[in-house]
Structures are given as C-alpha cells and as structure tokens.
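Here is the structure we will look at.
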Protein chains: 2
Amino acid sequence: MKDFPAPPPGSCPDVLHPRCPSRQVLQHLTSRWGALVLVALAGRTLRFSDLRRALGDVSDRMLAQTLQGLEADGMVRRVAHDVVPPHVDYSLTEIGQEAAVLVRGLADWVERRLPDILGCQR
Amino acid sequence: MKDFPAPPPGSCPDVLHPRCPSRQVLQHLTSRWGALVLVALAGRTLRFSDLRRALGDVSDRMLAQTLQGLEADGMVRRVAHDVVPPHVDYSLTEIGQEAAVLVRGLADWVERRLPDILGCQR
DNA sequence: GGAAGTACGTACATTTTGGTAAGTATTCCG
DNA sequence: CGGAATACTTACCAAAATGTACGTACTTCC
C-alpha cells in the first residue's frame, strides 16, 4: 500500500482522500449490515432479536458487531433493561436518523429502479 | 445459513428480504470501492488511471473489478479507444448518475457532519 | 419436565475482499 | 537508448468479513 500523507489539520473532510476519517464513517454506514440496520431501524425501536429477524439472514455475531460499531459512531442508541431473560432495545440517535434518511433514500431508489437496473444488467 | 424462501414473483422489491435482487444491487453501490467510484465519476469522465489517482489507494485489480461490476449493473459506461498505449474512458450512465446523486448525498452529509460524528464517537 | 426464547461472547472455520508482482505492446520524453 | 506511462489480466498470498456452534441464567409456554 502506498503511504499517503495525512490530511493537514483543518483541511476539509473529503471521502476521496484515503486518510480522511469521513471515509471510514462512510464505510461503516454503507457496510453490508450497517446500511440494512439503519434501514430497519428507521423510525422505530427494535430489540436485538427483532432486528435479527428483520434482516433475515444475519448471524448473531455480525449483528452484535455491527450494532456496536454503529453505537460507537453515535448512530445507534442501546438501552439494556436489566432483566432475565435479557431485553435490549435499539433505536437511532438524532444523527443516526439523518443518516438513515439518506440510506433509506438510496435503498428506496434501488427498489424503485430495480426493473430498469435488471433490464440493463449484462 | 438459513434458507429463505425466494420472493414470490411479482412481489415488491425489498432490500430487507435476503433473496431480493435489490439487496445485491444496493451492496454493489455501497461496496467499499463502488461508492467511491460513483462519487469520483459524478459529473465527469475519467480514464482508468485518473480514476485510480482520484481514489488514491485503490489497486489496479480492485478498480478494474469494481468498474466491471458497475458496468455489469448498467451504472458505468466504458469507452475504449483502440490505440496504443491504451486509452479508456469511464463515465456514468443515466441510471448511474441517479445513483451517484444519492451516494454523493450521503458522502456530503458525512463530510458535513463529520465534526459532530467524531465528537460523539466513543 | 422439556423446549424455546433472550442477548450476547468466544473459538474456530470458511468465504470474500484486497494487495503485490509480473507481463503486454507501444508511445512519449529526456 | 532507458524509463515511465497506459489498461488491464493472471497467479498467488494476506487480511478482513462473515458464519457456525456452543455456553449462559433464567422465564414462559406446552
């Protein structure tokens, strides 16, 4: 890997710059499960197992990992009720909702345009 | 992996359904290099090597693979001039431009909100 | 009583993604 | 003349993503 100069402090965020933190954040939001979690969580609160069922084919392990990543980025809020059996609620933060709107927008567009896209595919 | 029933023909596209083709298309658009290619190519035509430089740290191999994927999805147009040394131009199709607008929107939002996001990160 | 559900963590296996190096035919530049 | 640039491809290897299986400490339902 070529070594890129770190962006000078105070420079504008730019996803096209290899070392810009915005690139990593974008990757979290657009990661395989990250994007789907945002879509699934848009406008509602779900507990862990509901979320797993909503996504359909995600494994426990990946869902937990993805949620922790999004929580670390401040996109997802985790509320654990201290009971047995466990009960944990996941919802979007303020920022997470903003992101979710855009991701949903992309997902909606894909769904809407799917016939045309499939028609163009080679 | 659990086996999911294929979506009944005629059902609405739904990215949350594991077997829906829209999910794969979304993944192509949001893949690590796919999203960045759309951003880089938005509103302009670039040749292979310019694109590589625009992304900064992508390898020849991945860039070629990503471009072929996006071309197969009908997002990218490839125009090869038959000369030596090779000269190939890449640009977005009609559909690709629509996608790029949304991906750019997400990227722009991340760049704009980056300070807040970094401030929230744990 | 026995089975299933809950929200994970951990160890291990597999799959996917990504990088590196080399090769190509030719032109341009110093 | 020697070296760099061009747009890939292929073979090979490393790293990252993802899945599977198991364990947990209880509760609820049949």
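Applying 0.36 nm per residue to the separation of B:Ala64 and B:Ala6 and subtracting their alpha-carbon distance, the gain on full extension is 17.7 nm. Stokes-Einstein diffusion for the protein assembly as shown, with the hydrodynamic radius set to the Kirkwood value over Cα pairs and evaluated at 37 °C in a medium of 0.692 mPa s, equals 172 µm²/s. Using R0 = 45 Å, the C-beta based FRET efficiency linking A:Gln121 and A:His87 works out to 0.55. Placing +1 on each Lys and Arg Cβ and -1 on each Asp and Glu Cβ, with no other charges, gives the protein assembly as shown a dipole about its Cα centre of roughly 280 debye. Relative to the Cα centre, the charge distribution of chain B, modelled as +1 at Lys and Arg Cβ and -1 at Asp and Glu Cβ, gives a dipole magnitude of about 300 debye.
Kyte-Doolittle mean at least 0.0 and Cα extent at least 30 Å along the axis: which DSSP H helices of chain A qualify?
Helices meeting the span and hydropathy rule in chain A are A:94-120.
Model label points for B:Ala42 and A:Arg78, set 7 angstrom from Cα along the Cα-to-Cβ axis, are 3.2 nm apart.
With the Kirkwood sum run over all distinct C-alpha pairs, region B:15-122 has a hydrodynamic radius of 14.9 Å.
Other residues with beta-carbon under 14 Å from the beta-carbon of B:Arg32 carry, at +1 per Lys or Arg and -1 per Asp or Glu, a net charge of +2.
All of the numbers you see were taken from the coordinates with simple rules; none came from a lab. Remember, it's a predicted structure, so these values are computed and weren't measured experimentally. Here Cβ is always computed from backbone atoms with ideal geometry, including for glycine, and neighbour counts include all displayed protein chains.
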